[in-house]
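All remarks here apply to the structure that follows.
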Amino acid sequence: MTRPKIIGLTGSIGMGKSTVAAMFAEEGIPVFDADAEVRAMQGPGGELLPAIEAAFPGSTGPEGVDRDRLGHQVFADTAALARLEAIVHPAVAAKRAAFLEANADKRAVVFDIPLLLEKGGHEAVDMIVVVSAPEDVQRARVLARPGMTREKFEHIYGLQLHDSEKRARADHVIDTGTTLAETRAQVAALIASL
């Protein structure tokens, strides 16, 4: 049985990965958004809430995970972060497997995974597509986000491979430091080449 070509879409914070993922979806390529799955599983009534609450008491409530409270418990604590990832990652993997099964008849699918290269997810994809923009554009985009501070940005930035390393490991790079129309044309050209 054939399966779709799996495109691993990644890019550092503020590079425009979500915008590019939406462009793939608009072109009819199903997209598995790992972050959206995590938000749903950690939201109101989410399936991960009991395990997260047990591991990090006081971090959940009626609205799901309280990201600030959970963040205070895992921020800059690698052991706590590893405990959280041990809860979240297997659940995301199961959702991804179900998505792939549901789209087995498609020619291609996109796995939108922010830490694709950092966490070894690249081994499960056929093609690595990195979304990239100049560093000054990245920094401006991220610092414009509500609640973002320079400290938070630097922490997140430090957890991710440098953009130049991601670009070097990519099968294809989509430049988002340009117009939306030019970025959309790059996505369309990549899909046409599949």
Check your understanding: In nm², what is the average projected area of the convex hull enclosing the Cα atoms of segment 107-186?
Key -> 6.3 nm²
Study note, to complete from the structure: One finds, for residue 191 and residue 47 with R0 = 30 angstrom and r their Cβ-Cβ distance, a FRET efficiency to the nearest 0.05 of 0.35
Exercise for review: Can you work out the accessible area per residue across the chain, with the rest of the protein chains kept in place, probe 1.4 Å, in square angstrom?
Suggested key: 52 Å²
Point to revise | Degrees, to the nearest 10: 78-102 long Cα axis against longest axis of the chain | key: 50 degrees
Check your understanding: Fully extended, how many nm does the chain gain between residue 106 and residue 76 (0.36 nm per residue separation, minus their Cα-Cα distance)?
Key -> 6.7 nm
Practice item. Let me know the charge dipole size of the chain about its Cα centre in debye, to the nearest 20, where only the beta-carbon of Lys, Arg (+1) and Asp, Glu (-1) is charged. Key: 140 debye
Review point. Got the relative contact order for segment 43-87 handy, in percent, Cα pairs under 8 Å and 6 or more residues apart?
Key: 35 percent
Check your understanding: At a probe radius of 1.4 Å, what is the per-residue accessible area of residue 5, in Å² to the nearest 10?
Key -> 80 Å²
Revision key, fill the gap. Rg/Rh over Cα atoms for segment 47-140, Kirkwood Rh, comes to 1.04
Review point. For the charge dipole of the chain, defined by +1 on Lys and Arg C-beta atoms and -1 on Asp and Glu C-beta atoms about the Cα centroid, which residue among 109, 162, 42 has the Cα displaced farthest towards the positive pole?
Key: 109
Practice item. Return the calculated 222 nm mean residue ellipticity for the chain, to the nearest 500 deg cm²/dmol, obtained by summing -39500 (n - 2.57) across DSSP H runs with n ≥ 4 and dividing by the residue count. Key: -15500 deg cm²/dmol
Exercise for review: Indicate the gyration tensor shape class of segment 16-102 (rounded, prolate or oblate), computed on the Cα atoms with a ≥ b ≥ c the square roots of the eigenvalues: a/c under 1.5 is rounded; otherwise a/b larger than b/c is prolate and the rest oblate.
Suggested key: prolate
Exercise for review: Treat every Asp and Glu Cβ in segment 49-158 as -1 and every Lys and Arg Cβ as +1, leave all other atoms uncharged, and give the resulting dipole magnitude about the Cα centre to the nearest 20 debye.
Suggested key: 160 debye
Review point. Where the only charges are on Cβ atoms (+1 Lys, Arg; -1 Asp, Glu), what is the dipole of segment 2-84 about its Cα centre, to the nearest 20 debye?
Key: 280 debye
Exercise for review: Take the Cα coordinates of the chain, assign each an equal point scatterer, and use the Debye formula without solvent to give log10 I(q)/I(0) at q = 0.09 Å⁻¹.
Suggested key: -0.36
Review point. Could you list, bin by bin from short to long, the percent of Cα-Cα pairs of segment 141-194 in 10 Å steps?
Key: 19, 34, 35, 11, 0
Practice item. Give me the percent of DSSP beta bridges within the chain that run antiparallel, rounded to the nearest 5. Key: 10 percent
Review point. Which of the lysines could a cross-linker bridge to residue 95, judged by Cα under 28 Å and excluding same-chain residues fewer than eight apart?
Key: 5, 17, 106, 119, 166
Review point. If the chain between residue 178 and residue 164 were fully stretched, how many nm would it gain, using 0.36 nm times the residue separation less the Cα-Cα distance?
Key: 3.3 nm
Practice item. Within segment 157-194, find all residues whose amide N lies under 20 Å from a label point positioned 7 Å from the Cα of residue 26 along Cα-to-beta-carbon. Key: 173-194
Check your understanding: Which whole-number percentage describes the relative contact order of the chain, with Cα contacts under 8 Å and a sequence gap of 6 or more?
Key -> 37 percent
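The values are calculated or read from the model by the stated rules, or taken from the named source; none is laboratory data. A quick note: this is a predicted structure, and the numbers were derived from the prediction, not measured. Cβ atoms come from the backbone with ideal geometry, glycine included; neighbour counts cover every protein chain shown. Quick note on the areas: whole protein, heavy atoms, side chains included, nothing else; ligands and nucleic acids left out. Shrake-Rupley method; radii C 1.70, N 1.55, O 1.52, S 1.80 Å.
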